[in-house]
Every structure is written in structure tokens, then in C-alpha cells.
Amino acid sequence: MRVVLAEDLYLLRDGIARLLEAHGCTIVASVETGPDLRQALLEHRPDVSIVDVRLPPSFTDEGLQAALYARREVPGLPVLVLSQHVEQLYARELLADGAGGIGYLLKDRVLNADQFIDAVRRVAAGGTAMDPEVIAKLLIGRGPGQTLARLTPREREVLELMAQGRSNAAIGQRLFLSESAVGKHTANIFGKLDLPPSDDDNRRVLAVLAFLNAP
């Protein structure tokens, strides 16, 4: 897996690079500024990019904006954003294009190597990897949108875990359901969200985006 890594703190950047390489990834570019990130993404078109939201020179949202620019130039370019804190605006900007291959994790998640690598692989495969705290912040103060109102409470639980990137088996373990029961819930979710039969992974992405972008 070819990776572009953007992080301005050397020790963290080096640590993430070593972790990725230990799991078979190749770092094709390791950068520390927004402009360098933009250039690296367009030049290398990696299998996945891992991007700190705040990069020099502005230390505001340089990393995110560089990633969004690259996704406009290369639709669907997989991006996993790392942030020190949950920023609802950043999460919504990342989701705005309606495509898959997106992730938003708090930096603390890097400390759990297995979870972090799993998230990287899901994003690279075109899926989603949304931090539970990000999802919670996005949902604060919001009632279900008109479309999501069709879902039962259990279906919303399944969809929320799907948004985190969990498989049917992992969802079943969390909710104490059989994998087949989770499969039935996901089928109901697809039907209620008017997602026609297609590649299942694609429908999961569309369902998650509907969930996170609901008014």
C-alpha cells in the first residue's frame, strides 16, 4: 500500500511511518506543510493519504484543505485525517463530496496500532473510518432527518457502528446479535435509504454518508 504522510511533528510523523512500514506499507512521501502535501498527493496519487488537519504555514486547516483540493482533482482519492480535537466543520467538509475513501480519527487512536492500521486499510479500500467521538459530536443536538426517521432504533445503532467502519461480525459482537441478524438490519437500512442493489461496500459507504450528513 502506497502512503503519503503529512504531519508537522517529526517524532509523531516518524512513529506513524515506522508503524505503517511494519505493516507492509510504503511511504512514498513524508511531508510537513500544506503546500508540500498538495504537491505530493497530486504527484504520487497514493493508495491512501494520512493527513494532520493543522499544518504549516497557517496551522489552521492547511492539511484538510490540501486533501480536499487533491480529492477534487483526483475524485475518490482516499484520505484519513488525524486531528487533536473533534471539529464538526472539518468532518462535514470531508464528507461533503459524497464519495467514500474517507476517515477522521483523533490522534489518540494512533496509539492502538491494530485499530489504526485497520482504519487505514478500510479507507484505502474506499470505505469509511469515523472516530466514535466525531460521530457523537456530529449528532449532538440533532434529531433524525426525515429519511433516517424511517429507521428503527436498532437500525440506527447498526448504522452508527457501520459509520465507524465496523464489519457485520464486529457490529454483531458489540450489539450481541448474530451476524445474520446484522445482515438483515443492514438490508433493511439499504432499503429504507433507497439504496438500490449494487456493490455492497459501495452501499455501506452511501448509507454511512446519508447518516452523517442528515440534516
Over the stretch 2-31, the set of residues buried (at least 17 other Cβ atoms within 10 Å of the Cβ) and in a loop (DSSP other than H, G, I, E, B) is Glu7, Asp8, Cys25
From Ala113, Ala163, Ala124, grab the single residue that is modelled with pLDDT of 90 or more and crowded, with 19+ Cβ neighbours inside 10 Å. Ala124
Across (1) open to solvent by less than 60 Å² (accessible area, probe 1.4 Å); (2) at pLDDT below 95, Val48 clears everything bar (2)
I need every pair where a residue in the stretch 120-144 that is within 19 Å of Tyr90 (Cα to Cα) and part of a strand (DSSP E or B) has its Cβ under 6 Å from the Cβ of a residue that is small (Gly, Ala, Ser) and modelled with pLDDT under 80, sequence separation at least 6 or different chains. Thr128/Gly165; Ala129/Gly165; Met130/Ala163
Which of (1) part of a helix (DSSP H, G or I); (2) surrounded by fewer than 16 Cβ atoms within 10 Å (Cβ to Cβ) is the odd one out, the single condition Gly63 does not satisfy? (2)
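For every residue, the table says whether it meets (1) closer than 20 Å to Ile135 by Cα; (2) in contact with a Lys or Arg (Cβ under 7 Å, 6 or more places away or on another chain); (3) not charged (D, E, K, R).
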{"position": "Gly15", "(1), (2), (3)": "no, no, yes"}
{"position": "Val28", "(1), (2), (3)": "no, yes, yes"}
{"position": "Pro57", "(1), (2), (3)": "no, no, yes"}
{"position": "Gly63", "(1), (2), (3)": "no, yes, yes"}
{"position": "Ala67", "(1), (2), (3)": "no, no, yes"}
{"position": "Ala70", "(1), (2), (3)": "no, yes, yes"}
{"position": "Ile117", "(1), (2), (3)": "yes, no, yes"}
Here is a list of conditions, (1) modelled with pLDDT of 85 or more; (2) under 15 Å from the mean Cα position of the chain (by Cα), and Arg156 meets all of them except one; can you say which number that is? (2)
Could you identify the single residue in Leu37, Leu42 that is assigned to a helix (DSSP H, G or I), without any contact (Cβ under 8 Å) to a residue 60 or more places away in the chain and crowded, with 20+ Cβ neighbours inside 10 Å? Leu37
Just wondering, is there one or more residues in the stretch 73-86 that are of a type in the set (A, V, I, L, M), surrounded by 23 or more Cβ atoms within 10 Å (Cβ to Cβ) and touching a Phe, Trp or Tyr at 6+ places or on another chain (Cβ under 7 Å)? yes
Being within 17 Å of Arg121 (Cα to Cα) and among the hydroxyl-bearing types (Ser, Thr, Tyr) is the filter here, so list the residues in the stretch 149-185 that pass it. Ser167
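The values are calculated or read from the model by the stated rules, or taken from the named source; none is laboratory data. Just so you know, these numbers come straight off a predicted model, no measurement behind them. All Cβ positions, glycine included, derive from the backbone under ideal geometry; neighbour counts span all protein chains shown. Accessible surface areas use protein heavy atoms only, side chains included; no ligands, DNA or RNA. Shrake-Rupley method; radii C 1.70, N 1.55, O 1.52, S 1.80 Å.
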